[in-house]
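Contents: one structure, followed by commentary.
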Amino acid sequence: MANFLYVATNSTNKTVTGSVEAQDRAGALNLLGSQGLRPVSLKEGAEKKAGFSFSDFLGSNKVKADDLVMFTRQLSAMVSAGVPIIRALSSQRDHTTSKTLKFVCGGLIKDVESGATLADALAKYPNTFSDVYVNMVRAGEAAGILDEILKRLALQQEKNATMRKKIKSAMTYPVVLMFITVIAFFGLMMFVIPQIGKIIVDLGGPDAKLPPLTLAMLTISNFMVKYWMFLIPANVVGIIFLLRYLKTPKGKSILHHIVLKVPALKLIVIKISVARFARTFSALMGAGVAVLEALSVTSRAIGNVVYEQRLVDAAELVKNGRSLSSVLDNDPLFPAIVSQMLAVGEETGQTDVVLVKVADFYEEEVDVAIDGLSSIIEPVMILIMGSAVGLIAASVMGPIAGLSQSIKG
């Protein structure tokens, strides 16, 4: 398959640009014609190279959350107004400013024109459309309520995006402070301590007895100055490998188990996970997805391996005839209110409505918890920075003061 870059005009005589994949130039022209486009210019582009690229590393080849929300809302509005799905997708492709989303829309149009359902077409782009998104669209197509499902999806994505932004915002400050602390420590140990150590030796002589803390600092400093060309690459490589390991199934499992044992983080992680569970499961149930399928999809959407396994186990018990509320009752990962509200939803047949209220409640709780954590992190990080600087100062000032006294004596 070759990649062809085109400039064309659409049905409203507006100039549009993009790319299509086809076997040859004639195939590309036919594909553009089927999309209602009149080619002005068509040329074969560079074939996309497989493997690692810098844009992949930066994440520039992914659709932004805000763009996906806008895509979903506009698609919902057009479908609700009776616009054919291919025309609605074409409009999205022509008007979006996201190059990646433009490419994805082109692929969706081609697949739908070939007879695939919208859900099957979306499933070919897992980096853009999650399992939750695909399954809800599939349920909406089956029930004939695609416009309503797309509205639910847009609302859910907005809520998820808002939560992610708040979490990132709360983590930015401590990460920056930690980075500054590490840089300051390396700077002091490699440039300041060696000079001060030389002054101490000049004052006290080579046989001067130094405190253990000072000796330890000078030893560490000398080691860092001598082997810095190995230490820096080793630290960078170590961090890269650690991050890559944490993305593996085993690494994720270890990290998520540890996080759920840290007192300060445990409550926040539980609230975030419960909020995601409630909103995702509610959306799927409201879309008419079967309970077992909804549990399977929701388990993967929470983003926590521990919760994923717990919901997989819960699905097995539900499959054997137990109600979900009884399965989650007394589970430490799910607060009592979750099972109680689920029981009410199961009795009234309004599980999706009840769980939306649970999701709203815990999203508010997450906001409060993050604000509280942010107010705690600031003094803790200042204390850590102050302790590091104080430790270095004590190791330096102690022997200098002692040598000054001996010189006066």
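Side notes on the structure shown:
Yes or no, residue by residue, for (1) touching a helix residue (DSSP H, G or I) at 6+ places or on another chain (Cβ under 7 Å); (2) in the same structural domain as G372 (by TED's automatic domain parsing):
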{"residue": "K226", "(1), (2)": "no, no"}
{"residue": "V236", "(1), (2)": "no, no"}
{"residue": "V262", "(1), (2)": "no, yes"}
{"residue": "L265", "(1), (2)": "yes, yes"}
{"residue": "I270", "(1), (2)": "no, yes"}
{"residue": "A283", "(1), (2)": "yes, yes"}
{"residue": "G286", "(1), (2)": "yes, yes"}
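- When the range 111-128 is filtered for residues that are over 13 Å from L89 (Cβ atoms), of a type in the set (D, E, K, R) and either more than 28 Å from the chain's Cα centre (by Cα) or assigned to a loop (DSSP other than H, G, I, E, B) (or both), only K124 remains.
- Filter pass, A278 being more than 21 Å from R152 (Cα to Cα) and either within 19 Å of the chain's Cα centre (by Cα) or small (G, A, S) (or both): no
- Residue within the range 234-247 that is of a type outside the set (D, E, K, R), touching a residue at least 24 places away in the same chain (Cβ under 8 Å), surrounded by 11 or more Cβ atoms within 10 Å (Cβ to Cβ) and assigned to a helix (DSSP H, G or I) present: no
- Filtered residues of the range 274-321 (kept if closer than 21 Å to L246 by Cβ and of a type in the set (V, I, T)): I302, V305, V306
- Number of the exception - A116 against (1) under 30 Å from D360 (Cβ atoms); (2) without any contact (Cβ under 8 Å) to a residue 60 or more places away in the chain; (3) of a type in the set (G, A, S): (1)
- Unique match (being free of Cβ contacts under 8 Å to residues at least 60 places away in the same chain and within 30 Å of G372 (Cα to Cα)) among K168, K198, K159, K209: K168
- Residue within the range 218-231 that is among the basic types (K, R), more than 30 Å from G303 (Cβ to Cβ), in a helix (DSSP H, G or I) and at pLDDT 85 or above present: yes
- Only one of K62, K43, K110 that is surrounded by 15 or more Cβ atoms within 10 Å (Cβ to Cβ), out of contact with any helix residue (DSSP H, G or I) (no Cβ under 6 Å at 6 or more places or on another chain) and at pLDDT below 85: K62
Results for (1) within 24 Å of I254 (Cβ to Cβ); (2) within 25 Å of the chain's Cα centre (by Cα), shown as yes or no for each residue.
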| position | (1), (2) |
| --- | --- |
| A290 | no, no |
| V312 | yes, yes |
| G321 | no, no |
| M341 | no, no |
| D352 | no, no |
| E364 | no, yes |
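- Apart from one condition, A264 fits all of (1) out of contact with any Gly (no Cβ under 9 Å at 6 or more places or on another chain); (2) at pLDDT 85 or above; (3) assigned to a helix (DSSP H, G or I); the exception is (2).
- Check on Q92, modelled with pLDDT under 75 and among the polar types (S, T, N, Q): no
The values are calculated or read from the model by the stated rules, or taken from the named source; none is laboratory data. Since this is a predicted model, take the numbers as computed values, not measurements. Using ideal geometry, Cβ is built from the backbone for each residue, glycine included, and neighbour counts are taken over all protein chains shown.
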